[in-house]
Every structure is written in C-alpha cells, then in structure tokens.
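For reference, the structure is listed below as structure tokens.
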Amino acid sequence: MTAPLRLVLVDDQAMVRAGLALILGAEPDISVVAECADGTGVLPAVRAHHPDLVLMDVRMPRMDGPEASRQLRAVSASPPVLALTTFDDDAVLWGALTAGAAGFVLKDSPAEDLVAAVRTVAAGGAWLDARVLPRVLARAKDRAPASPAASRALEQLTPRELEVLRRICLGANNREIAAQLRVGERTVKSHVSAIFMKLGARDRAAAIVTAFDAGLRP
C-alpha cells in the first residue's frame with residue numbers, strides 16, 4: 001500500500017487551517033503532518049516532517065507566502081509549494097510564482113478542486129486556477145524583461161514550441177492546446193517536455209515566469 005502524501009499546511013487563520021485540515025485529512029492518500037500560523041514556521045516544519053507538499057497562504061503576518069517560498073527554494077530537495085489565496089490577490093500571486101510556487105488554488109475552490117490541486121502539485125505538476133490566471137498574468141504585462149538569460153532561453157524554442165508556450169501562458173492544458181492547434185495530445189506533451197528542458201523549468205508555473213521575464217506575451 002502506497003504511503004499517503006505528507007502535507008504541511010500554512011495559514012494565519014486557525015479556522016481556515018482547521019477547515020482545510022478536515023477536508024484534506026479525510027482523503028486516504030493525504031496526511032496533514034504539520035500546521036504553521038505564518039511563514040516563519042515553514043522551514044522548521046519541513047526539516048522536522050519531510051513533507052511532499054507545502055500548502056501555503058500568500059498573505060500572512062511576520063513572513064508571507066512568497067518570502068517563505070524563496071527561503072524554502074534555497075534548501076536542497078525542498079518540497080513544492082501550492083499557494084493558497086483569495087480572489088483579489090493577483091499581485092501577490094505573481095510574487096508567489098516568481099518565488100518558486102508550483103501554482104495556486106483559491107480558498108473558495110470546491111473541495112474536489114483543492115484535493116486535485118494538492119495531488120497534482122505533490123506529483124510534480126502545476127496547478128494554475130483558471131479563474132484568476134489571466135488577471136495574474138495581466139499584472140506582469142508591463143514588467144520589463146527581468147533577465148537576459150530568460151530571453152536567451154526562449155531563443156532555443158522552435159516556432160511551434162513558442163506557440164505552445166503562449167497557450168500555456170493563457171492557462172490552456174495539453175488537451176486544450178491539442179484541440180486549438182489541431183494536433184494530437186501526445187504531440188503537445190512532447191512539445192511541453194521540450195519547453196521545460198530548454199527553459200530549465202520544472203513545471204508550467206516556472207515556464208510562465210521565464211516567458212514573462214523574457215518579454216513573451218500571449
């Protein structure tokens with residue numbers, strides 16, 4: 001029998017943590033191994049419990065989610081972070097993505113979406129809530145290219161890979177991209193893998209950050 005995935009839950013509101021722990025703890029393949037009231041507790045909790053995922057609020061006192069994510073990314077073999085947010089945290093969400101979060105999920109998401117997001121990110125994927133992704137990306141449109149290295153990375157992509165990346169930036173999944181480009185889903189998956197390899201991106205969220213840092217606009 002496969003061991004349940006281990007999750008650290010981080011939110012400054014005790015009632016929110018209790019509700020999330022109740023939802024996630026009810027799943028046989030998920031175990032909430034620690035809870036933190038703000039970002040300062042994340043590193044100690046990760047070192048003590050070796051979780052598979054950190055589910056973390058973006059707005060918290062003392063240390064917010066993006067800063068805690070940056071500190072966590074500096075640690076070798078750190079678990080992925082799934083940002084937990086409200087509908088109007090667009091600017092902070094972009095900060096979470098650039099800090100290394102693998103995606104974000106809204107606090108008012110249905111329980112099944114929350115569980116799916118946790119499983120997806122723990123398995124190495126990315127979860128970008130389609131309800132707010134366009135607004136989050138709009139916040140980044142006026143940013144100057146942050147890194148010449150990002151521009152050089154994009155120069156490695158073929159025209160088709162650039163088209164796939166643009167659609168990733170719009171929040172499309174592999175099936176949707178396949179339908180839009182009138183190709184097979186397996187072909188899209190191959191393009192996505194090549195994009196990740198060339199950009200040095202671990203997931204869709206990281207690829208989007210690199211794309212916007214290079215000035216690519218969908």
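The values are calculated or read from the model by the stated rules, or taken from the named source; none is laboratory data. All values derive from a computational prediction rather than experimental measurement. With ideal geometry, Cβ positions are generated from the backbone for all residues, glycine too; neighbour counts draw on all protein chains shown. All accessible areas refer to the heavy atoms of the entire protein, side chains included, with ligands and DNA or RNA removed. Shrake-Rupley method; radii C 1.70, N 1.55, O 1.52, S 1.80 Å.
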Legend entry - Inter-site label distance for residue 111 and residue 130 at 7 Å from Cα along Cβ, in nm: 2.4 nm
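If R₀ is 35 angstrom, what is the calculated FRET efficiency for the pair residue 75 and residue 151, using the beta carbon separation as r and rounding to 0.05?
Result of the calculation: an efficiency of 0.75.
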Inset, instruction - Using a 1.4 Å probe over the heavy atoms of the protein chains, calculate the carbon and sulfur portion of the accessible area of the chain as a whole percent. - result: 53 percent
Legend entry - Percentage of interatomic Cα-Cα distances in region 5-129 larger than 21 Å: 26 percent
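What FRET efficiency would be calculated for the residue pair residue 186, residue 22, taking the C-beta separation as r and a Förster radius of 30 Å, to the nearest 0.05? Don't skip to the end; give the middle numbers.
Values: r = 39 Å, r/R0 = 1.30.
The formula returns an efficiency of 0.15 here.
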Legend entry - Accessible solvent surface per residue of region 145-214, calculated while the other protein chains remain in place, 1.4 angstrom probe, Å²: 52 Å²
Legend entry - Value of [θ]222 nm, deg cm²/dmol, for the chain, DSSP H segments ≥ 4, -39500 (n - 2.57) each, nearest 500: -14500 deg cm²/dmol
Legend entry - Accessible area in the full protein assembly, largest first, 1.4 Å probe, for 189, 198: 189, 198
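Rounded to the nearest 0.05, what FRET efficiency do residue 62 and residue 13 have when you use their Cβ-Cβ distance and R0 = 22 Å? If you can, show how the numbers build up before the last one.
Values: r = 14 Å, r/R0 = 0.64.
It comes to 0.95.
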